[in-house]
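The values are calculated or read from the model by the stated rules, or taken from the named source; none is laboratory data. Just so you know, these numbers come straight off a predicted model, no measurement behind them. Using ideal geometry, Cβ is built from the backbone for each residue, glycine included, and neighbour counts are taken over all protein chains shown. Please note that ligands, DNA and RNA were not included when accessible areas were found on the heavy atoms of the full protein model with its side chains. Shrake-Rupley method; radii C 1.70, N 1.55, O 1.52, S 1.80 Å.
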Amino acid sequence: MTGYLWLKAFHIVFVVTWFAGLFYLPRLFVYHSTATDEISRERFKVMESKLFRVIMNPSMLLALILGVWMLLLSWQAYSDKLWLWLKIFLVVLLIGYHHYCLRIIKAFAQDQVIHSEKFFRIFNELPSLVLVAAVILVVVRPWQ
Ligand code: HEM
């Protein structure tokens, strides 16, 4: 059991670091989309690329590996639980969001602003909705 709790502890740690990027990167997109001078644009390109490659990718991978590992260890107990499959559905949405951020980073790298500042402000709020829903599902476990 102790081993399982270590998996869960680090699962939560990497979920937190993944969300640190999911919250900060779209905020950079908001400022980047309105940047007018070359120096600022080049600085945002470096910040976005580093945040995505150094923080978000490894965090997402480790959170998912540890989550699936726990799921396999507790398959008997959880495989028929609606809350877990709803949580995994939300995680699939998050992975899609994560990869759409990469598409935006690549466009900005070509100095293409593919969305408006207003779009990026709304886009920035979406991960927090998923976080609230996923944590309620895994902690409160409605529809046991
Ligand atoms: C494919 C992705 C994921 C899988 C398969 C997964 C699976 C799991 C499993 C099996 C547990 C242990 C439940 C227990 O025995 O108490 C767990 C715990 C947890 N997961 Fe995930 N997880 C995933 C992604 C995430 C994400 C993205 C979040 C955040 C939004 C998250 C938040 C949590 C939290 C907060 C706990 C601790 C719950 C508690 O101690 O009561 N997980 N996860």
Q.
Which log10 I(q)/I(0) values does region 62-117 give at q = 0.26, 0.30 Å⁻¹ under the Debye formula, counting every alpha carbon as one identical point scatterer?
A. -1.04, -1.17
Q: Just grab the label-to-label distance for Met1 and Phe23, each label 7 Å out from Cα along the Cβ direction, in nm (one decimal).
A: 3.2
Q: On the protein heavy atoms, probe 1.4 angstrom, tell me the percent of accessible surface of the chain carried by carbon and sulfur.
A: 72
**Q.** Dipole magnitude of region 2-140 about its Cα centre (Cβ charges: Lys, Arg +1; Asp, Glu -1), debye to nearest 20
**A.** 140
Q: Round to the nearest 0.05 the FRET efficiency obtained for Trp69 and Ile122 when R0 = 35 Å and r is the Cβ-Cβ distance.
A: 0.50
Q.
Please compare each pair in Lys8/Lys118; Lys50/Lys118; Lys45/Lys118 to a cut-off of 28 Å on the Cα-Cα distance and tell me which ones are over it.
A. Lys8/Lys118
**Q.** Relative contact order, percent, region 2-140 [alpha-carbon distance under 8 Å, six or more residues apart]
**A.** 39
Q. Taking the convex hull of the alpha carbon atoms in the chain, what volume per residue do you get, in Å³?
A. 97
Q: Taking the Cβ of Tyr78 as the centre, find all other residues whose Cβ is under 15 Å away and add up their charges (Lys, Arg: +1; Asp, Glu: -1).
A: +3
Q. Between Glu38 and Tyr78, what is the spin-label point distance in nm, taking each point 7 Å from the Cα along the Cα→C-beta axis?
A. 5.2
Q | Sparsely packed chymotrypsin sites (Phe, Trp or Tyr not before Pro) within region 93-144, loop by DSSP, other Cβ within 10 Å at most 16 | A | Trp143
Q | Whether region 1-64 is rounded, prolate or oblate, judged on the alpha carbon gyration tensor where a/c under 1.5 counts as rounded | A | prolate
Q: Over the chain, give the accessible area per residue in Å² for a 1.4 Å probe, as an integer.
A: 60
(Q) Over all directions, how big on average is the projection of the convex hull of the alpha-carbon atoms in region 25-92, in square nanometres? (A) 5.6
Q | Summed side-chain charge close to Leu28 - residues other than Leu28 whose Cβ falls under 11 Å, Lys, Arg +1, Asp, Glu -1 | A | +3
